Structures are given as structure tokens and as C-alpha cells.
1. With everything on Cα atoms, drop me the angle between helix B:143-158 and the longest principal axis of chain B, reported from 0 to 90° to the nearest 10.
2. Which one, D:146, D:210, D:225, projects farthest toward the positive side of the charge dipole computed for region D:136-279 from Cβ point charges (K/R +1, D/E -1)?
3. Residue separation times 0.36 nm, minus the C-alpha to C-alpha distance between residue A:7 and residue A:88: what's the value?
4. Counting pairwise Cα distances across region D:226-364, what percent come out greater than 19 angstrom?
5. Evaluate the distance, in nm, between pseudo-label points positioned 7 Å from the Cα of residue C:12 and of residue C:34 along their respective Cα→Cβ axes.
6. Between Rg and the Kirkwood Rh of region D:292-362, both from Cα atoms, what is the Rg to Rh ratio?
7. Taking Cα centroids, how far is region D:196-251 from region B:140-162 in Å?
8. Compute the signed sum of charges (Lys and Arg +1, Asp and Glu -1) over the other residues within less than 12 Å, Cβ to Cβ, of residue D:46.
Amino acid sequence: MSEIFLVFLVTGVLGTLLVLINKILGPKKSNPTKNTPFECGSPFLQDRITPVPIKYYLVAFLFLLFDVEVVFLFPWALVFKKIGSPALIYMAAYILILALGFIYAWKKGAFLWEK
Amino acid sequence: MGKIKPRAYYQETQNGGFIATKINYMLGWGRKYSLFHYPFITACCGMEYMSAACAHWDFDRFGVGMTTFSPRQADMLFVVGTISQKEAPVLKTVYDQMCEPKWVIACGACAVSGGIYDNYAVVQGIDKIIPVDVYIPGCPPRPETILNAIEKLQDKIQHQKQDWQWKIKK
Amino acid sequence: MENKKVIEALKKTFPGKVSEIPDRLGDTVVRIEKDAVLNIMEFLKNRPCEFTMLLDLTCVDYISSKDCFEMVYHLFSISTNNRIRIKSEVRKNELDIDSLSGLWKNANWLEREIFDMFGINFKGHPDMQRLFMYEGFEGYPLRKDYPLRKRQPKIPLRKKT
Amino acid sequence: MNRIQKEANQESLLINMGPSHPAMHGTIRIMLELDGEVIRNSEVEVGYLHRGFEKTCEHKTYFNLLPYTDRLNYVSPLINNLAYVMTVEKMLEIETPDRAQYIRVIMSEFSRISDHLTALAAMTMECGAFTVFLYYIQAREEIWNFIEQTTGARMTTSYIRIGGVRADLHPDYKGLMDKAIKVTKRVLKDVTGLLNKNKIWIDRTRDVAVANPEMAVNYGFTGPCLRASGVSYDIRKAHPYLVYDQLEFEVPLGDKGDNFDRYMVRMKEMEQSMRIIEQAVEKMPESSSKDALMTKGIEPDEAIKASRSKKAEERVNLSPNLQGSEKDVRPDILVKGKKYTVPPKEDTYTNIEGLINHFKFFMSGHGIRPPKGDVYFSVEGGNGELGFYIVSDGTDKPYRLHLRAPCFHIVSALEEMIKGHYIADVIPTFGSTNMIGGELDR
């Protein structure tokens, strides 16, 4: 057990050291332009960032949904041998329900990019 | 041509003593061989920059290969080509947005002194806008001259005064 | 349609507005009145003469000698492989002329460049702005009276440290 | 407040693809109004490399103007020299010797290949094909080695002078020339294999920024971009100049006029250029002073001493950087007549007429003074029709000099070409127009 502790100690200390050393010892010369966003050197055209169109959130949300579904497959795969054949039925039901959600999203046109 | 004679910007006696000079030496060695350069290319010298950056002359051998296009990650601003009056504020903004420590190489006669364009439209040398470390003459400079300039800059970085805060009277 | 015939057709349809200039080097050069520019260009661009491409549009400053700017249009017809050069004078006191951006789309930038360099206004141009120089620049650089080295820096220059 | 800020509606995103951008070659700022990733509207701002070329030329003599023409389209400098020089020659109505015409054809074709190589290298590298960039720049190095051997400079050559060329080809020029052609052919074969049927490349460039023939002609496209839209117009065929009418080559045409066609037309044009070079090398008349150069000449200082007493007959050993422009070689490469060209160095040092001609050529107010009047002449440049319009008032400085920049017209169509496409499509579109700052903003 102690090796794990040692590994965490070394990497932790080294990590924080490298991050902080720059802040402590690094030269600090800030000027007003340094904090403005980098727009290829030309003055930026909008002072506020406008909201991103809704379809991006939709894609992110759907990805999250089906990614979590895949995450549950990993522990199932480990114990798959012990449970035997009923494990297949449990997982098939689980995937079927999510497939319904997938078809619903498809029919609703969530994956349609160009309107 | 032998070791380059130390110049004015060398550090005199180091107030931090032996340790500081050693750290300073290692810091200089680390910085000089990992220069991330921001290619600020506008005109004809860009063609010689391409030759110097590509397979035949390849200044990646000197550790300058990493081309970053954001001033946040850049150490060295490689100003290549003519800087017109309209481009001057762009250059100033990009220079200000670079993080310390930063260096500037003015490549080509137009960046050094306005070159053959002495008229209403061209800034007569970028040191009128931003401080410059190494000037490369030539219109366009041959790739070997660019490599030589990189060596000069690396020598300057190696022997630079201590700029990290330890025992520096504020 | 041969250039000779084009000039006759022009003279016939626009009497008094068109005059041919003999050219030592064999190019066909025509001088036209400033107010008839738009209809002449339209006539040249359409069916019989078919000068479908506006090659180039420039301006020459004759203020000191003839007290006028001279607009020079180069037209080219791909089907008959002919080039024609059309000149028209813009008097010093009223510096505007009809814009051709309705006929050819590249006239848009060409005219903006001439407005930027000579200060000639083009009536009917979608957005008459400077093309090359920046907003704070006063004066028109390519005029003969603008000094070559008169610089107007956009940002304050650095004091030599 | 630029035009795009006024026109933009509220919820769309406005960003700059500004001058200092890896794909914008440093000199163009495109202000994009975005709906997500689709470009709804854009405004192109140029002028970041406006160097006052036309104003400076009004203060320079015809002879001193040459180095400025190299820096216009700095990717194919020799073609700029050719365009300017042939315009002045048309005004002076002088004929250059045959060998000089063939050398001009060879050098401008090599310059055209290096133009297409750099254009495609930048275009493909910005779309991610970094290997093509390294291959093409390597091929360009070989071409530049040959150009440097003949002209003395890799890029800013000012080699083609009024009345001919500055120096003859190097005695064993064939070695470097064949190497350049061999390497270019190998690289072209590699890249054809890499890109022509590459799914990513075709998806990125096929049917993107389509310029149909009417729009291309209406915007004044010329050169590869016009031929990509299917309109066959090449000045070397339409108005043949130099010796192009004695060399056969095809004019490749695209069908759809999209980015892929502009890429393909440039690839095929490079093969045609190499064909032209090979034919030109065979047809080039032999230089008449082959054996004269073999004899051992005397040193310049002895020649000057000898010339004090009697007229010098022996050949003078010139310094290496004057190699190729000796007196015996000149009739092949430069037109006769002291009004148009600098006298040979041997005459300048040894006899008084040469010295006077030299002085009169460079004295202000003398030199080359074309007759009053104006002239327009154009040449097939790397991007299209590269024309010079010169108005001369009889003095030795041009009264007005205007350059017809081919990529000026192509870039003015950029706003219409990228409308409705994604942000990522701006990069290959801009790369395929091969915008060169020096030529666009003059």
C-alpha cells in the first residue's frame, strides 16, 4: 500500500512545485493589452460573446447521455462470466431502453445539422 | 569564429552568489534551446523563412522549430517582411499580448529599417514600435543568415541578466 | 467584332461623345465624355461588341498640365480576343463620375482604390470607403501634390530608450 | 464601425480572421459574421501590405525601378521583371536577340513553377497536408538553386533587363536544370498520389467556393482561377509574346471552378511549364562566343595600362560576379544601342566612349527616356494577367505607373465565394486564390 502513497506524494509535490515556481519566480510585467482577447492582432468587433446556437447544446447533451450508457458496460463486462446467461438479458433490456431514446432523438431531428 | 566575446548585457557580479548563477545558467540553457517562435510574416522575406524552416536549412536543429500562432505560448516574435503603417498597431498588439520573457527578431531590411520603401506607407524599422533583440540584414536574407541570427539570439539568452525574482531588490 | 467596327458603332450610337486617339503602338484608344461613361460601357459590354471583362481601371493625375484627372479603362473581350482602352477626363472642380460596379463586380474594389488614392467620388458605388489606407489618413497619396515621405503614423512611435 | 458591424444582426457572432493569422499570409483581415459555424456575411479588408509602390515608381528612373518589380509578386519574381521590361521595350520599340528571348522563357517558366509550388504548398499545409508542404519547398529549393546560378539571387533577381537579360546562362547550366526538373517531376508524382484521390482533400475542396464562368469573367478573373472555371484564356496563347508561339503546350481547363479545380489546374500547368522548358532548351540558339571565352584574357589593371597607349584587343578577365556579361557574349543577350543598355565593363574601363556612355546612362535626366505617351502590355503571370500601364512624359522617370494585379480581382470575389460555407472552408478557398500581398496591395 505504501508504494501508492509514495507515488501520489512524489507526483503531487512535483506537480504543485512546477506550477507554483512559475508564479513565484517568473517575471511579472502586465499591460492592459495583455488581458484583452487575442483576435489576430486586430481590434475585436464585439465586446460581448453572443450565445452559441442551441444545436451545439443538443449534441453535447446527447453525447453525455450515450457516453454514460457505455460507462455502465465496463463493470458489466467484468462480472459477465460469473453471472452467466441471464446477464445478457439484463444488458439487452438496458440497451433497448436507451435505443428507444436514440430513435426518438433521431426522429425529432436532433442530428440534423443544416436546417 | 570562436566563443563570442561577452557584451554589455552580460550580468556583472551576481548578488545571489554561486547558486543563482548556476540556476541562471541552467535557465538560460533551457530557454535558448526551446524557443517557441510566433512567425509574424507579411511580405517577401516570408519565402526565405519558409526555406529556413523547411527540410533543407531547417532551423529546427537549433530548437526553434515549434511554430505557435498564439502570442500566449510564444517566446520569440519573428517579424518577417515589411510592416506598413496600417500593420503597426497589429504588431504592437501582438507584441503586448506575448508573455514574459519575450524576444523579437527583425528579419529583412524592411523590418530593420523600412528597406527600399522610404515613403508614406511603411514604418521605417520596427524598433520604432517595439524593442528588437536581433536584426537580420538582407533583402531577403539568405537562410544561413537567419540561422546565424538565431545563434546570436541564443547567445544573448544564455548570458542574459537574472530576470527571475530571487534576492532582487524591488 | 473588329476594333475598327466597334469604334464606328460607338461613333454612330453616341455622336459627339466619342473621339478616337491614334496610338503609336497599335492599341485602340478612345476618348469619351464623362457623362456618357455608363451608357457607353453598357453598350460595349453587351451583345455586338461583347467586351465582357473589365481588365483594369486606373486614374492619372494631370492636374499640373491639363487641370484634370484622366480615368483609363481597359476592356477585354474573350470571344474576339480584343483589347480597348477608354479614357475620360474628370475636371478638377467636380471630382465625380458614374460608378461601373453595376456592370462589373471587380469595379467595386478598383473604384474604392481610386477613391482612396485620388479622391475621385463614384456616384452609385455601394460603399465608398478607403481600400488600402486606414481611417485616420488624410489626403490622397497618389496625387502629385502629396509629398512622397509624408508619414501619418497610426500609433505613437517609441522614444529611443 | 465597419460595414459588417452595421449590417450584422444581433445574435450572430462577429470574429476577425485577422492580418496576423497563419492562413491569411499576414496581410488580409476577413471579418466574419457567423451563425454557429456557417458564414452569413463577411467583409475583406486589405491594404496591410500597401507599400506605396506606384508612388515610389514616380520618383525612380526606368532602370532603377527594376528591383521594385521583383517584390511585387515575390513568389514568381522573374515574371514581374518580364512584364515590366517588355512594357518598356514595347514603348521604346526595341527587339531583343533570340537567345535572350529563349532564356527569358526558360526563367519565367521556372518562376511560374516555383509560384505554383509555393501556392499549393501553402494551400495544402493550411488544410493539414504538412508532407506536401515539405516536398514542395524542397522542389522549390532545387529550382531556386538553378535560378541563383544564373541570376545570382534566389528570389529577388532583377535579372531580366530592358533590352535582354543581365548575363548569359552558366556554361554548365544543364546540370542544375535537369536536377531541378527531375526533383519537381518526382515531387509532382508523389503529391498526385497523395492528394488527387484523397478522400479528405476531396471533401475539403470539391464543390467549395464554386466560381461559375459568368461570375469569374464578371469579377475579372484571369489565369489559373479563370481556367479552373472552364474559360480558356491564356495570354501566352491569346497574345503570344517572346517565343511562345514557336513552342507547343496545352492550356489545362477545370470544369466546376471550385477549389479542387484551381488546385488541379495549377498541378497540370506545372507539367506544361516543364514541357515548355525542355522544348526551349532544345530550340535555344547556341551562344556565339563559346570558344572566345576559352582564351586566356589579361587582368583589368594591365588592360587599363595597355589602353593608355593603344586600343586594347585582348580579352579582359572580368570579376566572377560579372561572369556571363562579357563583351563577346553581349550580342546574344542584350540589344545593341547605347541608349538602352549599360555599356560592357571592358569598354567602360578601357576606352573613353564606354566611359561616356556609362556616365550618360546613369546621369539623372539622361538614361532611358521613352517618347511621350502611354502603353499597356500584359504577360501571363503566376496568378493571371499581369499588366503594366505606363504613362511617360519624355523624362527618364515614369509619369505614372500602374500595375494590373491579377490576384486583386480574384480576392475581391472572396466575399461572394465564402458566403454560406463553413469557417474551415475559408482556408482552402483563400489558399487557392494564391493571394500575394505585394501584388495585391502594391
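We did not get these values from a lab; they are worked out from the coordinates using the rules stated. Remember, it's a predicted structure, so these values are computed and weren't measured experimentally. Neighbour counts are summed over all protein chains in view; Cβ atoms, including those assigned to glycine, are modelled from backbone coordinates with ideal geometry.
1. Computed tilt is about 30 degrees.
2. Of the listed residues, the answer is D:146.
3. Fully extending the segment from residue A:7 to residue A:88 adds 25.2 nm.
4. 67
5. Here the modelled spin labels are 3.1 nm apart.
6. That ratio equals 0.95.
7. Between the Cα centre of region D:196-251 and that of region B:140-162, the gap is 44 Å.
8. For residues surrounding residue D:46, the net value is -3.
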